[in-house]
Amino acid sequence: MLTRRHLSYAGIAGAAAFIVGRLARPGASIAAESKTYEVTHSDEEWRKLLSPEAYEVLRHEGTERPFTSPLLKEHRAGTFACAGCNLPLYSSKTKFESGTGWPSFWAPLEHAVDETQDHSFGMTRTAVSCHRCGGHLGHVFDDGPKPTGLRYCMNGVAMKFEPAPGGSS
């Protein structure tokens, strides 16, 4: 039997689902959307330049499935660069095995990334984006190793690896 209490609970649950859905919508988290970047393209140009997966992550703040990136097992000496604009982001010297399923680093290269507050999914996190093109890379957390104590948890599809001359670590 449907009671007023059931209708009230259903209304509250529906309102909560609506609010969470609005908070979690793609593009809602990075506040720096009005920033002018050195590398810019129209949405149509980004679609042509990037793979569908990289487009979803870099331009719409998507997240790749954990443990799917080939960069997770990349251990050669070199640099991890933005898949959207080739800006060097992370040195292989700062990469570590976090066990999370995404490539992780304890520090970015100088002037490589921007950090903004991300309020999606009803929580507050720090989003990381490319300083040159604004592409979403991942998030940074404070549970990483020394010396910084930070874990830059990056989507591998948002980056590409450029081996150092000689290519081994």
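The values are calculated or read from the model by the stated rules, or taken from the named source; none is laboratory data. Here the structure is a predicted model, which is why all the values come from computation and not from measurement. Counting neighbours? That spans all protein chains shown, and the Cβs are built from the backbone with ideal geometry, glycine included.
Here are a few things to note about the model shown:
- Residue list for segment 77-92, restricted to those being touching a residue at least 40 places away in the same chain (Cβ under 8 Å), under 18 Å from Pro145 (Cα atoms) and either of a type in the set (Gly, Ala, Ser) or surrounded by fewer than 21 Cβ atoms within 10 Å (Cβ to Cβ) (or both): Ser92
- Screening Ser69 against (1) touching a Leu at 6+ places or on another chain (Cβ under 7 Å); (2) crowded, with 20+ Cβ neighbours inside 10 Å leaves a single unmet condition, (1).
- A Cβ distance below 8 Å, combined with a sequence gap of six or more or placement on separate chains, defines the contacts here; from segment 125-139, residues that are over 16 Å from Cys153 (Cβ atoms) reach residues that are of a type in the set (Val, Ile, Thr) in the pairs His131/Val113; Arg132/Val39; Cys133/Val39; Cys133/Thr40; Gly134/Ile30.
- Qualifying positions in segment 93-119 - in contact (Cβ under 8 Å) with a residue 24 or more places away in the chain, closer than 25 Å to Leu49 by Cβ and not hydrophobic (A, V, I, L, M, F, W, C): Pro103, Pro108, Asp114, Glu115, Thr116, Asp118
Residue-by-condition table, conditions (1) among the acidic types (Asp, Glu); (2) more than 18 Å from Glu38 (Cα to Cα); (3) modelled with pLDDT of 95 or more; (4) within 14 Å of the chain's Cα centre (by Cα):
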| residue | (1), (2), (3), (4) |
| --- | --- |
| Leu71 | no, yes, yes, no |
| Ser91 | no, yes, yes, no |
| Lys95 | no, yes, yes, no |
| Glu115 | yes, no, yes, yes |
| Asp118 | yes, yes, no, yes |
| Gly134 | no, no, yes, yes |
| Leu137 | no, no, yes, yes |
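- Matching residues in segment 139-159 - criterion: being part of a strand (DSSP E or B) and over 8 Å from the mean Cα position of the chain (by Cα): Val140, Phe141, Arg151, Tyr152, Met159
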